Amino acid sequence: MRRIGAVIAALVMAGAGLGVASSAAGAAPAATAQATALATACPTGWGSGAKGGPTAGAVPLENIRTGRHACFDRMVFDVPGGGHHLGYYVRYVSRLHQTASGRYIPVGGGAVLDVRIGAPSYDPETGAATYPGRVGRTLPGVNLTGYRTFRDTRFAGSFEGETQVGLGVRARLPFRVIQLPDHLVIDVAHNWTGSR
């Protein structure tokens, strides 16, 4: 009798162990799926084609700044008073050429975005500079150390109500342009797959 009781107890203990193991095994794929979903949560449908339309404007550009995010690097153009309808045109080019003169401006990186925004870097009424960029130089106050995608920036000038900037990136990657009140935002993804 003792032997039967010991066998039953052993079977019960083994069954309990299997239940714990199976629930732990069931949790592992769920945890892996959740981790995979978090790792691939970055948007990827932006594309790398040209975006935008007419760019001339009269409200002056005040600042250009950049930021790092988990899925992309970001450039922001601050245009106080520009509202929701800032004109822009952004596209990949093989070489950056200044709009007004056609002058070649070297930009570092594996690919170059030619960014044009409908906001002059000067006050149209007085001609006084509102943004301190100098043609062919890096953007004032922008430090790209530690960025995953951005490699270089160059101010290309301001002509007839339009400011032009060269943005050097690691490779030709998807990007998007977002219009916000008084700001134009350009996000360039870290990769095409959406993984972090």
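The values are calculated or read from the model by the stated rules, or taken from the named source; none is laboratory data. Quick caveat: nothing in here was measured; it's all calculated off a predicted structure. When we count neighbours, we look across all protein chains shown, and the Cβ atoms used for this are built from the backbone with ideal geometry, even at glycine. Just the protein is used for accessible areas: all its heavy atoms, side chains included, with ligands, DNA and RNA removed. Shrake-Rupley method; radii C 1.70, N 1.55, O 1.52, S 1.80 Å.
Worth a mention:
- For segment 67-80, a residue qualifies if it is under 13 Å from Leu184 (Cβ atoms), open to solvent by less than 40 Å² (accessible area, probe 1.4 Å) and either small (Gly, Ala, Ser) or not in a loop (DSSP other than H, G, I, E, B) (or both), and the qualifying residues are Met75, Val76, Phe77, Asp78.
- Residue match in segment 146-162 (condition: of a type in the set (Phe, Trp, Tyr), at pLDDT 95 or above and either open to solvent by 10 Å² or more (accessible area, probe 1.4 Å) or in a loop (DSSP other than H, G, I, E, B) (or both)): yes
Conditions (1) more than 18 Å from the chain's Cα centre (by Cα); (2) closer than 20 Å to Asn63 by Cβ; (3) touching a residue at least 12 places away in the same chain (Cβ under 8 Å), marked per residue:
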position	(1), (2), (3)
Ala111	no, no, yes
Ala129	yes, yes, no
Thr163	yes, yes, yes
Ala171	no, no, yes
Arg196	no, no, yes
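- Of all the listed residues (Arg137, Arg116), the sole one being modelled with pLDDT of 95 or more and open to solvent by 50 Å² or more (accessible area, probe 1.4 Å) is Arg137.
- Consider segment 180-192 and keep the residues that are farther than 14 Å from Arg116 by Cβ and under 14 Å from the mean Cα position of the chain (by Cα). The one that is most open to solvent (accessible area, probe 1.4 Å) is Trp192.
- Listed by first and then second residue, the pairs linking a residue in segment 80-95 that is free of Cβ contacts under 8 Å to residues at least 60 places away in the same chain and over 17 Å from Ser121 (Cα atoms) to a residue that is among the charged types (D, E, K, R) and assigned to a strand (DSSP E or B), with Cβ atoms under 6 Å apart and 6 or more places separating them unless they lie on different chains, are Arg91/Asp114; Val93/Asp114.
- Identity of the residue in segment 48-60, in contact with a strand residue (DSSP E or B) (Cβ under 9 Å, 6 or more places away or on another chain) and more than 24 Å from Tyr147 (Cα to Cα), that ends up most open to solvent (accessible area, probe 1.4 Å): Pro54
- Of all the criteria given as (1) among the aliphatic types (A, V, I, L, M); (2) surrounded by 19 or more Cβ atoms within 10 Å (Cβ to Cβ); (3) touching an Asp or Glu at 6+ places or on another chain (Cβ under 7 Å), the one not satisfied by Val93 is (2).
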